1. Work out from phi, with θ = phi - 60° and the Karplus expression 6.51 cos²θ - 1.76 cosθ + 1.60, the ³J(HN,Hα) of each residue of region B:72-85, listed in order in whole Hz, and give x for Gly and Pro.
2. Between region A:3-63 and region B:6-66, how many Å separate their Cα centres?
3. How shielded is B:21-31 by partner chains, expressed as the average number of their Cβ atoms within 10 Å of its Cβ atoms?
4. So what J values fall out for region B:177-187 if you push phi through Karplus, 6.51 cos²θ - 1.76 cosθ + 1.60 with θ = phi - 60°, rounded to Hz, Gly and Pro as x?
5. Want the number for B:I82 to B:H43: 0.36 nm per residue separation, take away the alpha-carbon distance, what's left?
6. Which of A:K69/B:K13; A:K9/A:K39; B:K42/B:K87; A:K28/B:K170; B:K87/B:K156 have a Cα-Cα distance over 20 Å?
7. By accessible area of protein heavy atoms, probe 1.4 Å, what ranking do B:V12, B:V58, B:V187 get, highest first?
8. If ligands, DNA and RNA are left out, what is the accessible area of B:D61 with a 1.4 Å probe, given in Å² to the nearest 10?
Amino acid sequence: MSCNEKYIKIMHDYLDGDISAEDESLLKKHLEDCEECQKHFHELNRTITFIQSAERIEAPNGFTDNVMKHLPTEKKSMKYKR
Amino acid sequence: MDQFIKKQIIQVKKGDQSAFSDVVTFYQDKIYRHCYRMLGNKHEAEDIAQEAFIRAYVNIDSFDENRKFSTWLYRIATNLTIDRMRKRKPDFHLDAEVKGTDGLDMYSQLASTERLPGEEAESRELKRYIHHEISQLPSRYRSIIMLRYLEEFSLKEISEILDVPLGTVKTRIHRGREALRKRLRHV
């Protein structure tokens, strides 16, 4: 495993919040020294921001009504109670 | 909100159908969006999202109230989208040319062609581009990336929704992030 691969694995653990304190300080230290890994880490963080900024999509109008119309008939006992 | 949904679900279990409309209203955008991102087609997304809610209603008795409803609902929706994708022709691809449309591919049909002035258009273009790049990821990565970053589920919840081991979720999210990093690094 090259230095790069090892730290990339740690970066992903970090992004998943699944990292030991030891690895975290190792990563921090390494990022200060290694420009290539710094760039990689930056790109990963940027990718996540991009994903989260992607178009917001809403259900079409009348969606709920449509679902309600297609449900099987209600149990009779409930109708009676109302 | 969780408490309200919980209460409504108990009502639904008792046979009160009208309580289900609150559940649908609350989750409709999330579930529709999830289906849309998985399928890349508005018509299919609506169809499958609707089917997911109907299945949830019909099977509500098998839902364990001590668990999270959203996880259960996403699992139904995800399984339905996967079934739908399997039924498509194996060579189906968003880049594939649609017959009789003079070189229009599926992607050009996804998004509105309407142009907006200035910066707004730029940001809209960028969002469409990002959406396109996400849609090009293999579905096993795409579903996890979406559940994690758009729906904000934990890795453990994702493992429940997709019914795959936690270790697999981790591997796939790493690969998915790397694949998207490569696709989006030049933006």
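The values are calculated or read from the model by the stated rules, or taken from the named source; none is laboratory data. None of the values given here were measured: they were computed from a predicted structure. Glycine also receives a Cβ, built like all others from the backbone with ideal geometry; neighbour counts cover every protein chain displayed. To get the accessible areas, we keep the full protein, side chains included, count just its heavy atoms, and leave off ligands, DNA and RNA. Shrake-Rupley method; radii C 1.70, N 1.55, O 1.52, S 1.80 Å.
1. 5, 5, 5, 5, 4, 5, 5, 4, 5, 5, 5, 4, 4, 5
2. Value for the Cα centre distance between the two parts: 32 Å.
3. Taking the mean over all residues of the peptide, I get 4.
4. 5, 5, 4, 6, 4, 5, 6, 9, 5, 8, 5
5. 12.5 nm is the gain from fully extending B:I82 to B:H43.
6. Numbers: A:K69/B:K13 18 Å; A:K9/A:K39 15 Å; B:K42/B:K87 17 Å; A:K28/B:K170 22 Å; B:K87/B:K156 29 Å.
Over 20 Å apart, Cα to Cα: A:K28/B:K170; B:K87/B:K156.
7. Numbers: B:V12 5, B:V58 85, B:V187 60 Å².
Sorted descending by solvent-accessible area, the residues read B:V58, B:V187, B:V12.
8. 110 Å²
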